[in-house]
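The values are calculated or read from the model by the stated rules, or taken from the named source; none is laboratory data. The structure displayed is predicted, hence computed values, not measured ones. Virtual Cβ from ideal backbone geometry, glycine too; neighbours counted across all protein chains shown.
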Amino acid sequence: MARPDLSRSPASIASIETALERSGRALGDMTLLDLYSCFAIPVFNVTDHFGLAIDDPRGLTLTGGLPFFGGAGNNYSAHAIAEAVQRLRERRGSYALVGANGGFMSKYSAGIYSTEPADWSGADRWIAVPSPAEAVRKAKTLPARLTVETYTVLESRSGPVAIVLGRNEEGERVAANADLAHAPTRALLETGEPFGARLALSAAADGRSMARHDADNG
C-alpha cells in the first residue's frame, strides 16, 4: 500500500543485484535462470528492470513455473534450486540465478549457484535496504472518491469479488471493493482499462468501502 509504483518492487531488484555483486558476476554470466512465476508481475518486475526479453534463449524458468510444475505450498523454489543444481553438475563452471517471490512482492530471495566454490571470508551476512522516502500514505478516513491505480477481480464459487486500489484527492492511497452488481462499474472493470477512472466511495453495512463508477463524472 505504501509503494509509490504498485507495479514495481525495488526490494526484489536489490536482492538480485546484491546476489550478483556478492558472486562477482553479471546477469549476462548466468547460464540458467529461474524466476518465480505464480503470478506474472514478479517476473515482469525483474525482466523489465534488467532488460530481459520474454523469449530469452536461456528461458525464464527451469521447471515450467509454478502454475505448470506445481510444488508443495511455499516450496516451489526449492524445486527450482534442485533443478539448477542438477543442471550445473552437467555444466560445471557455469552459473544459475534462482529468484523466489513471496507475499505481494513483499518478500524476495535470490541465489547464485555454481559448482565453483564462493569466497565468503570478507562478506557480511546481511544488509538493510532502506524504505523508500517517498512512501505513499494510506488514507485514514473514507474519501468521497478515488482515482483507480490498479485492480483485480477474484473469481470464486460464490461469485466474483473486485478489489480496487487508488488515490484520493490528497494523493493518499485507498483500498475498496468495486460494486460488481452495479452495471456501469462491472462494465468498466471488464474492459480491462479502468486506470485513471474516478470511482465514488461509500461505506457498506458490513463496514467495507465500496466503489462505484458514475460514467457522467469520470
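Which of the residues spanning the range 37-79 are assigned to a loop (DSSP other than H, G, I, E, B), out of contact with any Leu (no Cβ under 8 Å at 6 or more places or on another chain) and either modelled with pLDDT under 80 or not polar (S, T, N, Q) (or both)?
Keep residues of the range 37-79 that are assigned to a loop (DSSP other than H, G, I, E, B), which gives 37-39, 51-65, 70-75.
With the extra rule that they be out of contact with any Leu (no Cβ under 8 Å at 6 or more places or on another chain), the set shrinks to 39, 51, 53, 55, 57, 63-65, 70-75.
Of everything in the range 37-79, those that are assigned to a loop (DSSP other than H, G, I, E, B), out of contact with any Leu (no Cβ under 8 Å at 6 or more places or on another chain) and either modelled with pLDDT under 80 or not polar (S, T, N, Q) (or both) turn out to be 39, 51, 53, 55, 57, 64, 65, 70, 71, 72, 73, 74.
Within the range 149-163, residues that are touching a residue at least 12 places away in the same chain (Cβ under 8 Å) and more than 24 Å from residue 4 (Cα to Cα) reach partners that are surrounded by 10 or more Cβ atoms within 10 Å (Cβ to Cβ) and of a type in the set (A, V, I, L, M) with beta carbons closer than 7 Å, at six or more positions or on different chains, in the pairs 160/153; 160/180. Scanning the range 24-36 for residues that are surrounded by fewer than 19 Cβ atoms within 10 Å (Cβ to Cβ) and either part of a helix (DSSP H, G or I) or charged (D, E, K, R) (or both) turns up 25, 27, 28, 29. Taking first residues from the range 14-31 that are β-branched (Val, Ile, Thr) and partners that are assigned to a loop (DSSP other than H, G, I, E, B), the Cβ contacts under 6 Å between residues at least 6 apart in sequence or on separate chains come to 31/94.
Select from the range 145-164 the residues that are touching a strand residue (DSSP E or B) at 6+ places or on another chain (Cβ under 6 Å) and over 29 Å from residue 12 (Cα atoms) and list them in ascending order.
Within the range 145-164, 145, 160 qualify.
Once the range 1-28 is narrowed to residues that are among the β-branched types (Val, Ile, Thr) and over 25 Å from residue 152 (Cβ atoms), the residue that is nearest to the chain's Cα centre (by Cα) is 16.
Filtered by the rule that a residue be surrounded by 17 or more Cβ atoms within 10 Å (Cβ to Cβ) and either of a type in the set (A, V, I, L, M) or out of contact with any strand residue (DSSP E or B) (no Cβ under 6 Å at 6 or more places or on another chain) (or both), the range 106-135 gives 110, 112.
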